[in-house]
Every structure is written in structure tokens, then in C-alpha cells.
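Below are the C-alpha cells for one structure; questions will follow.
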Amino acid sequence: MISTLDVPGLLADSPAPQVSDRYKFVSTQNIVERLEGFGWHPREAFYKRTRKTSPLHARHCIRFHNETMFGNDQIRPEIAVWNSHDGKSSLEMVSAIFRMICSNGLVIKEHDFEEFRIPHRGYKAGDKYIKHAIDQLTDQASFAEKLSETWSEKIVPTWAKQQYYKDAIKIRFPDYLSGEQWIFDVTKREADKRPDLWTTFNRCQEHIISGGFMVTHSAGKKPRMARELTNIDRISDINRSLWSLTSNYAANYAMN
């Protein structure tokens with residue numbers, strides 16, 4: 001159960017005062033009620049804290065789960081919804097998965113997957129559109145579940161794992177030169193010691209987001225410690241890029 005403390009934007013019934021007359025307000029509360037009507041209920045919510053935007057209008061994210069979709073023993077399909085009321089972004093609905101073993105919230109990014117955006121220029125989020133989006137996202141989440149099972153069967157060779165770590169770090173630090181890649185082999189749970197691609201992906205994602213490793217940049221800067229990420233947009237972008245990277249490895253690198 002989420003509350004307006006998690007997402008003050010649920011209380012908003014109008015946009016921020018600085019938006020133009022062309023801006024069309026899209027109520028987050030209305031989207032929540034529509035999703036609940038299709039069996040999707042809020043599991044987690046958070047918003048982007050900034051000094052320049054009121055919490056009532058700031059960009060926020062709500063993740064929904066459906067009790068009829070259990071997934072496998074590792075993941076559960078979800079739908080993630082982003083919205084804001086400050087005129088800076090569209091409402092967005094995407095497929096997501098929840099990794100139960102470590103509470104990782106991942107966002108799916110596949111070339112064949114559709115993302116549903118509702119610009120604040122004309123409210124097209126009627127019942128038919130919402131139902132179409134939910135149907136598509138549900139199918140995509142189910143496919144992602146099967147994909148995770150496929151990745152779990154692919155054992156990552158040491159050379160490929162080291163290159164994967166480098167490519168993953170470059171997603172967050174594009175000018176990365178060298179760093180403490182070894183920390184990506186450090187596990188917090190027994191289940192994360194497996195050498196398969198799915199486990200490698202999740203272990204890497206957790207370290208990339210939480211930080212705690214040294215990075216040396218190609219621009220000649222002094223090595224610095226990677227901090228934990230808290231920006232919801234940055235975390236979402238990295239999650240999607242990591243998913244795409246892993247999908248590319250699964251398709252193009254020989255693994256058992």
C-alpha cells in the first residue's frame with residue numbers, strides 16, 4: 001500500500017502554475033484507479049526530490065504488481081508508471097520486473113518492446129488506450145520472465161564477464177578508464193554466486209546503482225568513489241541500458 005507521503009503527486013488536481021495554457025493535466029490518481037480496475041495494484045512509489053519543484057508536481061514513479069501473475073521463484077512481472085505535473089515530462093508506462101531475492105526493481109528495455117507515453121498536450125489515456133497498454137505490457141513482462149530463464153541457462157566465460165563489467169561501468173561513467181571491477185564479483189547472497197548471465201546481470205546492476213567502487217576516468221581526473229544513485233530518472237536510464245547490454249551479450253556471445 002502506498003500513500004501520499006510516498007508520492008505527494010497523488011494529491012495534485014492541477015499542474016504547476018508555471019506551465020503554459022497548452023499543458024493538459026494528467027492525474028496520477030486517475031491512472032492508479034484505472035490500473036487497479038485491471039488488477040494492477042501499487043507496490044512501491046517514490047518521487048524526485050528537488051529544490052526547484054514542489055513535491056506535489058515533481059516527477060514520480062509508481063510500480064504495480066498483479067496478484068494473478070506470480071512469475072517464477074526469482075522474479076515477478078510489474079508495470080512501472082512515471083508522471084509529473086511540472087511540464088517537464090510525459091506520463092510513461094513501461095514493462096518492469098521485480099527480483100524478489102534482493103528487492104531489485106528492474107526496467108525492461110527490448111527493441112521489440114513498446115513503451116507507452118502520454119504527452120501533456122492532449123489526454124489520450126482513455127479506457128481503450130489504457131487497456132491496450134496494459135495488455136501489451138503484460139505480454140512483454142511475461143516474455144521477460146521467459147527471457148530471464150533463458151539467461152539463467154547461459155554460463156558466462158571469465159573473459160566475457162570482465163568485458164561485460166567494463167561495458168556496464170561505462171553506462172554510468174562514459175569516460176571510464178579503469179576501476180575496481182573485482183567488486184562486481186562480490187555477492188551479498190548465496191544465490192548471487194551463480195556464474196550465469198541472469199545472475200551476473202543482477203549482481204552488476206546492484207553494484208552499479210549502489211556504488212562503493214573506485215573509478216578512474218580517461219580525462220586524467222583523480223580516481224573517485226562511485227556514490228549510490230538516488231535520482232529516479234538516472235536509475236531508470238541505467239536499468240534500461242543494462243538490460244539492453246545484457247540482451248546483446250545473450251544474442252552475440254557464445255555461452256553454454
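The values are calculated or read from the model by the stated rules, or taken from the named source; none is laboratory data. What you see is a predicted model, and the numbers here were worked out from it, not measured in a lab. Ideal geometry is used to build each Cβ from the backbone, glycine not excepted, and the neighbour counts take in all protein chains shown.
Looking for something surrounded by fewer than 16 Cβ atoms within 10 Å (Cβ to Cβ) and at pLDDT below 80 - is there at least one such residue anywhere in segment 72-84?
yes
Let me ask something additional. Somewhere in segment 14-30, is a residue in contact with a strand residue (DSSP E or B) (Cβ under 9 Å, 6 or more places away or on another chain), within 24 Å of ALA141 (Cβ to Cβ) and in a loop (DSSP other than H, G, I, E, B)?
The answer is yes, given that some residue of segment 14-30 is in contact with a strand residue (DSSP E or B) (Cβ under 9 Å, 6 or more places away or on another chain), within 24 Å of ALA141 (Cβ to Cβ) and in a loop (DSSP other than H, G, I, E, B).
Can you report the number of residues in segment 1-18 which are of a type in the set (Val, Ile, Thr) and modelled with pLDDT of 85 or more?
Going through segment 1-18, the residues of a type in the set (Val, Ile, Thr) turn out to be 2, 4, 7.
After this cut, where a residue has to be modelled with pLDDT of 85 or more as well, the list is none.
Going through segment 1-18 one residue at a time, the tally reaches 0.
Kindly provide the set of residues from segment 150-168 that are touching a Leu at 6+ places or on another chain (Cβ under 7 Å) and part of a helix (DSSP H, G or I), ordered by number.
TRP151, ASP167, ALA168
Provide a single number: the residues in segment 154-189 that are surrounded by fewer than 18 Cβ atoms within 10 Å (Cβ to Cβ), touching a strand residue (DSSP E or B) at 6+ places or on another chain (Cβ under 7 Å) and over 23 Å from LYS222 (Cα atoms).
Number of matching residues: 1.
Sticking with this one: State all residues of segment 31-48 that are closer than 30 Å to LEU229 by Cα and touching a residue at least 60 places away in the same chain (Cβ under 8 Å); if no residue qualifies, say none.
Within segment 31-48, ILE31, LEU35, TRP40, GLU44, PHE46, TYR47, LYS48 meet the criteria.
Please determine whether any residue of segment 203-212 is in a loop (DSSP other than H, G, I, E, B) and under 22 Å from CYS61 (Cβ atoms).
Of segment 203-212, the ones in a loop (DSSP other than H, G, I, E, B) are 211-212.
If we keep only those that are under 22 Å from CYS61 (Cβ atoms) as well, we get 211.
Taking every residue of segment 203-212 in turn, at least one turns out to be in a loop (DSSP other than H, G, I, E, B) and under 22 Å from CYS61 (Cβ atoms).
Can I ask one more? If you take the residues of segment 180-197 that are in contact (Cβ under 8 Å) with a residue 60 or more places away in the chain and part of a helix (DSSP H, G or I), which of them is farthest from GLN163 (Cα to Cα)?
Per the stated criteria, the residue is ALA191.
Looking only at segment 1-45, which residues are among the β-branched types (Val, Ile, Thr) and surrounded by fewer than 16 Cβ atoms within 10 Å (Cβ to Cβ)?
THR4
Also, I was wondering about something else. Please state which one of ASP192, ASP237 is under 19 Å from the mean Cα position of the chain (by Cα) and either surrounded by fewer than 17 Cβ atoms within 10 Å (Cβ to Cβ) or in the same structural domain as PRO77 (by TED's automatic domain parsing) (or both).
ASP237
Next question, about the same structure. Does GLN136 meet the test of being more than 26 Å from SER20 (Cβ to Cβ) and either outside the structural domain of THR28 (by TED's automatic domain parsing) or modelled with pLDDT of 80 or more (or both)? Steps first, answer last, please.
Values: more than 26 Å from SER20 (Cβ to Cβ): yes; either outside the structural domain of THR28 (by TED's automatic domain parsing) or modelled with pLDDT of 80 or more (or both): yes.
It is true that GLN136 is more than 26 Å from SER20 (Cβ to Cβ) and either outside the structural domain of THR28 (by TED's automatic domain parsing) or modelled with pLDDT of 80 or more (or both).
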